[in-house]
Amino acid sequence: MSAAPLFTPPARDPARSFQDMILTLHDFWSAQGCVILQPYDMRMGAGTFHTATTLRALGPEPWNAAFVQPCRRPTDGRYGENPNRLQHYYQYQVILKPSPSDIQELYLQSLAAIGIDPLAHDIRFVEDDWESPTLGAWGLGWEVWCDGMEVTQFTYFQQMGGFDCKPVAGELTYGLERLAMYIQGADNVYDLAFTSAGVTYGDVFLENERQMSKWNFEVAETGALFDLFAKAEAECRNALGAGVPIAAYEQAIEASHVFNLLQARGVISVQERASYMGRVRDLARSSCEAYAEKMRPEWQAKYPGWNLV
Amino acid sequence: MADFLLELRCEEIPARMQAGARAELEKLFRRELDAAGVSAGDVTIWSTPRRLALIARGLPLATEAVSEEAKGPPEGAPDAAIDGFCKKAGVSRDQLELRDVKGRMTYFAVVNIPGRPMAEVLAAATPAIIRDFSWPKSMRWGVASISTDSLRWVRPLSGIVALLNGEVIDVEVGGIASARETMGHRFHSSGGISIASADDYAAKLRAAHVIVDHEERQNLIRERAAKVAADAGLRLVADEGLVVENAGLTEWPVPLLGRFDETFLDVPPEVIQLTARVNQKYFVCEGTDGKLANAFVCTANIDPVDPAVVVDGNRKVLAARLSDARFFWEQDQKTPLAVHAEKLSRITFHEKLGTVADKVERVAKLARWLCEEGIVAGDPALAEQAARLCKADLVTEMVGEFPELQGLMGGYYAAKEGLPVEVAEAIRDHYKPVGQGDEVPTAPVTVAVSLADKLDTLRSFFKIDEKPTGSKDPFALRRAALGTIRLITDNGLRMGVAEGDLLDFFADRLKVQQREAGVRHDLIDAVFALGQETGNVEDDLVRLLARVHALQAFVTTEDGTNLLAGYKRAANILKKEGWDSTSRLPGLDPGPRSLAVEEEAGSRLGGREDESLVLSYTPEPAEKALIDALDTAAPLAAQAVEAERFADAMAALATLRVPIDRFFEEVTVNAQEADKRQARLALLARFRDAVHRVADFSRIEG
């Protein structure tokens, strides 16, 4: 009987494996001192909704984190027939607070780590400011182009939940499928190598896209969705009343996604749309405000002289 | 003499803000130097995405010493007054001088301000420039942003080079200290680059793959992009906006030509060009046949290891974009425009004006009416059909993606559907004319729909009292009015364009528009003023302009100038004598609508007012001459006006010039005999009236 051999991790191969690309980004940002989080276990439209981004952007405390967040955009579903569009895809989020002075260099190094040579590929920072009325948030930054393709959103958060960010956080959002298609030279997302052992993105997600597109557009019971929206809204208020704003924020995210499903089902008229968006915005902003208010004494104790507003 | 170099480095400045930033940098630099009493002289400003640079040559080494004198209170004034003066002047009491002012000894403060070294001036000016710099949008960043008072800049500021004759001017702003080191190209250069002075700045950067002069980059892009196209046997479609934008996105621009799949050329060329330009900032090319070619020119910011790799990446992105465009193009065609148009009932046009469908309904009726009335020589049924479909493309996928293609896409879809060519053209062009240089439609069905659309917009917003005020014109009503004026005048459409407030609004727009064509606004007023007393105001713009043009030709002649002088003299006398035109000349209605009636009234007037025809005395020769001239000219002018022969009307008036001049020279209006005086005033009133029928000369300047 010999002892079990020690496990030696194989070298990453980000140019030929989707998961190795993700793991390389984890390695890179972990080495920069980031907390490597797992995805938030709720349905959401963008990584920015993750509490590690929204709620942690509030307050004076430093916070550095990186994580993959699955995103759901029901109306972008194409039944698995479009080579670029998906109703479920991944974003890689990095949040660095306060924004380090070498944040652009760090970002470019992370691209180099996954195999993008800036003298072989044309990398550009093109103005793209970000605003989320839902979150009461805005920031300035760029979309980063690689040979004309937008591969990352780069934002300096200026406000969140209606509050000035003090200090400002830098947010990087990599579009993982796009980057991988680029690095692997694939023209169709389903052809991406998920692993270097022959499993493709299509093997993992194609059937999922077919069924979920059908459900999003054709099947989801709209009466139940309207009901879910109302329940999430009520529960958000309940949580706010009970002084647990993180729980309230989760219900705001839930309401937001249910609203997106209702949109995909085409049962919300133009006039109603604005009203629903207003309700979601109200939930999200109330939750952010309640969270900031709840944390305020602790933040001010740790950072004398710091104020929320 | 000294040369100053200032470089402000930061993370990528949006391309669209760079021209404004250059102007701002120069303005603030001059402001600071002016405040120090130095004229900035020759200043060069450059920009790249990562830096703003300023070079000022020939600055003095120091500011000039100045001596300032202030006169204070007289000797013996209360101490409080003298102390107050010292405080204000910034001197102590023993520094005051006493001088004799008109025999009275008076205190003077003399302050000698020594010249300041230029380095000191610039060390103070540089932080002030940075702190006061105004960007369209600015931000905070980094550790310092824990306070909202931290420095703001368009993107994080990363470095300052400040050299006066090669010496570093020490400044620190937002934690960034000045130095002589700058950075070269983000990828083609590494480490700091030491700048000796303003003289080697551009050359050192060039060696580090940065062309700091934005104009040089623009020229390079313009020329190389044209060349790569020509090398492929194509012609670049020039786009100056893209040249400037790409120069604002690159420090080392390298235009590269790529090809896309030919099958995409099924999509309308405007869509391809817009997709390429707006989303990707690519130029497009034409073949020798003048048609859009399957080629694009992108502008890289590097000398790539293998240009084919960069081109291929860009090609894929464009292909994905064009696939989307083709999907929209095909998807939109699956639904007839008439069915798309049904969805317009879900779009609010304005909360008080209903939906877009409601607007379309009004436009359709109006377009039909314009043709039925013969105002526009189009087929009423086609005009109505086109109007009903003209907004349908607003709900198509393509226009949702590219709003600037509204109209154009509707035209394409109508043609694909096999609708009559007049209808497709009307849908395509009904927004025209948009800008000043934009062509004005002439096809009758198009004219009907375009005019109906604009008139409806104007009438509707005026009805709910949403009129433009000052610089605010949220519904672009000024543009709609100008478009209406051009449609009417270019096509010679005969119609009453509006009434009340809206007509006044048209009059204002017309004056603005005609000023550029050299037409005097007072002459437009003189014609618009006709019939104001009776409410029968000229609302036919074609007739109005014909009259104004004839009037302008006339009043600039010697006859015209003299007749105007005679008119004013007559009018003044009548006014002084309390000769009220409305009471004395009943029924006079110069409004163009009722010219026939007007003429009858005129002749009745002549017959009734005996004093003008049958005199109780023998008129003097000059008086008789004027009466005769009026007897001939007045009906001629009136007839000419009626027939819209305005030049003839002016010619008839011209015959009055010699008689009126002679009348004033030889005849005493204010005669002692009451009957003579009355008759002569009546004659002047007749003269004034005859002139007034052509235009309200009292409104004419001069």
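Throughout, read-outs are computed from the coordinates displayed, never taken from laboratory work. These numbers come from a predicted model, not from an experiment. All Cβ positions, glycine included, derive from the backbone under ideal geometry; neighbour counts span all protein chains shown.
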Inset, instruction - Calculate the length of the line joining the C-alpha centroid of the stretch B:272-313 to that of the stretch B:564-579, in whole Å. - result: 72 Å
Legend entry - Cut-off 13 Å between beta-carbons: net charge of the residues surrounding B:E439, Lys and Arg +1, Asp and Glu -1: -1
Legend entry - Under 12 Å from the Cα of B:K391 - aspartates and glutamates, other chains or at least 8 residues apart: B:E342, B:D358, B:E361, B:D429, B:D453
Inset, instruction - Once you have a ≥ b ≥ c as the square roots of the Cα gyration tensor eigenvalues for the protein assembly as shown, tell me rounded if a/c is under 1.5, and otherwise prolate or oblate according to whether a/b is larger than b/c. - result: oblate
Inset, instruction - From the P(r) of chain B, can you give the percent of Cα pairs sitting at distances over 47 Å? - result: 51 percent
Inset, instruction - For the stretch B:49-57, just list the computed ³J(HN,Hα) in residue order, Karplus coefficients 6.51, -1.76 and 1.60, θ = phi - 60°, integers in Hz, with x standing in for Gly and Pro. - result: x, 10, 7, 10, 10, 9, 10, 10, 10
Inset, instruction - Normalise the Debye intensity by I(0) for the stretch B:214-333, one equal point scatterer per Cα, no solvent, then take log10 at q = 0.17, 0.22 Å⁻¹ and round to two decimals. - result: -0.80, -1.28
Inset, instruction - Would you kindly derive the ³J(HN,Hα) couplings of the stretch A:141-157 from the backbone phi angles with the Karplus curve 6.51 cos²θ - 1.76 cosθ + 1.60 (θ = phi - 60°), listing them in order in whole Hz, with x for Gly and Pro? - result: x, 9, 9, 8, 9, 10, 6, x, 9, 6, 10, 8, 9, 10, 9, 9, 5
Inset, instruction - Please compute P(r) over all alpha-carbon pairs of the stretch B:54-180, binned at 10 Å starting from zero, and give each bin as a whole-number percent. - result: 11, 26, 18, 18, 18, 8, 1
Inset, instruction - Please list the non-local residues whose amide H lies under 5 Å from the amide H of B:T63, H modeled 1.01 Å from N, same-chain partners needing a gap of 5 or more. - result: B:R116, B:M118
Inset, instruction - In whole Hz, with x marking every Gly and Pro, tabulate ³J(HN,Hα) for the stretch B:229-234 from phi via Karplus 6.51 cos²θ - 1.76 cosθ + 1.60, θ = phi - 60°. - result: 5, 4, 4, 9, x, 10
Inset, instruction - Return the long-range amide H neighbours of A:T200 (sequence gap of 5 or more, or a different chain), with a cut-off of under 5 Å between placed amide H atoms. - result: A:F194
Legend entry - Bridge type composition, chain A - antiparallel percent by DSSP, nearest 5: 95 percent
Inset, instruction - Would you mind classifying the stretch A:228-291 by shape? Square roots of the alpha carbon gyration tensor eigenvalues, ordered a ≥ b ≥ c; an a/c under 1.5 is rounded, otherwise it is prolate if a/b is larger than b/c and oblate if not. - result: prolate
Inset, instruction - Please find, in a Gaussian network model of chain A (springs between Cα atoms separated by less than 10 Å), the residue of A:G45, A:G243, A:G80 whose mean-square fluctuation is greatest. - result: A:G243
Legend entry - Volume per residue that the Cα convex hull of the stretch A:163-309 spans, once the total is divided by residue count, Å³: 181 Å³
Legend entry - Cα centroid of the stretch B:388-445 to Cα centroid of the stretch B:621-666, whole Å: 52 Å
Legend entry - Contact order normalised by residue count of the stretch B:335-464, Cα under 8 Å, 6+ apart, percent: 25 percent
Inset, instruction - At 10 °C and 1.306 mPa s, grab the translational diffusion coefficient of the stretch A:132-196 from Stokes-Einstein with a Kirkwood Rh over Cα pairs, rounded to a whole number in µm² per second. - result: 117 µm²/s
Inset, instruction - Enumerate the amide H contacts of B:A671 below 5 Å, restricted to partners 5 or more residues apart or on another chain; note that Pro and chain-start residues carry no placed amide H. - result: B:R677
Inset, instruction - Run through every distinct alpha carbon pair of chain A and return the Kirkwood hydrodynamic radius in angstroms, one decimal place. - result: 20.8 Å
Inset, instruction - Taking every pair of Cα atoms in the stretch A:1-122, average 1/r, invert it to obtain the Kirkwood radius, and report Rg/Rh to two decimals. - result: 1.04
Legend entry - Furthest towards positive pole of dipole, A:Y90, A:A169, A:C146, structure part chain A, Cβ charges: A:A169
Inset, instruction - Starting from the exponent 0.38 and prefactor 2.2 Å, build the expected Rg for the stretch B:149-239 from its residue count and divide its actual Cα Rg by it. - result: 1.47
Legend entry - 222 nm mean residue ellipticity, helices alone, for chain A (DSSP H n ≥ 4; -39,500 (n - 2.57); rounded to 500): -13500 deg cm²/dmol
